[in-house]
Structure formats: C-alpha cells, structure tokens
C-alpha cells in the first residue's frame with residue numbers, strides 16, 4: 001500500500017436502490033497520486049463497486065436544468081448533458097448553459113450546445129416546445 005488507508009461513506013446513485021456504501025481506500029496522496037479501492041460493504045450489486053471506484057478516481061456528473069425559450073408554448077425548455085461530465089467541469093458547463101436563450105420550436109433530443117467547456121458531450125433538449 002503506497003497511500004494512507006481511509007474510510008469513506010457513499011450513497012450510490014447508479015440505480016434506484018440508493019445503497020449506503022462504506023469503503024476503505026488509499027487516499028491517493030502518495031507518489032502516483034491515484035486513489036485505490038481496497039474494500040467495500042453495503043452495495044447490493046456490482047455497479048456499486050464500479051461507481052465507488054469511479055468516484056474515487058474521476059467523479060462524473062450529469063447536469064439537468066432549463067433554458068429560456070422565445071416564441072414557444074412554454075417559457076422554459078428542460079435540457080441535460082447527453083453523457084456525464086467531470087465533476088470539476090460542472091460549474092463551467094452551467095455557466096455556458098446560463099448564457100443560452102433558445103427559439104421555438106424545440107424537439108426532444110435536439111442538440112443545442114456541443115462540447116461545452118471542452119467536455120466531450122452535448123447539451124440536448126428533453127422537452128418538446130412548439131411555436132406559440
């Protein structure tokens with residue numbers, strides 16, 4: 001073991017079970033600098049283990065928000081990232097999304113922004129908005 005062993009608590013968000021997971025891992029503060037999962041308990045499926053490993057090495061998030069719409073039957077359109085983005089980029093991506101204002105009509109799955117803040121994802125529409 002190259003780093004200090006620490007314990008952490010996680011609530012898995014992969015599925016609706018919301019498993020409370022207790023994990024022991026190397027903190028990643030040693031040379032090489034990568035956290036390493038040593039053991040865990042509380043997960044009901046293998047996805048929990050994979051998720052905790054991901055959280056330790058490179059946490060990812062999906063953003064869901066809304067954007068103003070001009071000339072539509074709704075004032076806002078819900079949007080989200082097509083794929084998860086690095087947690088560290090969430091604030092920057094939200095800054096780009098906040099600058100948007102869209103024109104109706106909008107269709108579910110329509111891309112409104114590509115590669116925000118250098119991430120390899122798209123911001124897509126999740127609510128149909130017809131012209132008023």
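Taken together, the values in this text are just the output of simple stated rules run on the coordinates, not laboratory data. Not measured: the values here are computed from a predicted model. Every residue, glycine as well, gets a Cβ built from its backbone with ideal geometry; the counts of neighbours run over all protein chains shown.
How far is it, in nm, from the label point at residue 120 to the one at residue 36 when both lie 7 Å from their Cα along the line to the Cβ?
Simple spin-label model gives 2.6 nm for this pair.
Estimate the FRET efficiency between residue 46 and residue 20 by the formula 1/(1 + (r/R0)^6), using the beta-carbon distance for r and 22 Å for R0, to the nearest 0.05.
That gives a FRET efficiency of 0.85.
For region 5-58, taking Cα atoms only, what is the radius of gyration to one decimal and the Dmax to the nearest whole Å?
11.0, 37
What does the helix-only formula give at 222 nm for the chain: each DSSP H stretch with n ≥ 4 adding -39500 (n - 2.57), the total divided by the residues, and the result rounded to the nearest 500 deg cm²/dmol?
Value at 222 nm, helices only: -4500 deg cm²/dmol.
Could you work out the relative contact order of region 64-125? I mean the mean sequence separation of Cα pairs under 8 Å and 6+ apart, divided by the number of residues, in percent.
Reported as a whole number, the value is 38 percent.
Give me Rg/Rg_expected for region 80-132, where Rg uses Cα atoms only and Rg_expected = 2.2 N^0.38 Å with N residues.
Output field value: 1.17.
Normalised by the number of residues in region 1-89, what is the relative contact order in percent for Cα pairs under 8 Å and 6+ residues apart?
Across region 1-89, relative contact order equals 20 percent.
Could you calculate the contour length gain from residue 75 to residue 94, that is, 0.36 nm times the residue separation minus the distance between their Cα atoms, to one decimal place in nm?
Length difference between fully extended and current span is 4.9 nm.
Cα-based Rg (one decimal) and Dmax (whole number) for region 3-132, in Å?
According to the Cα coordinates of region 3-132, Rg and Dmax are 18.9, 60 Å.
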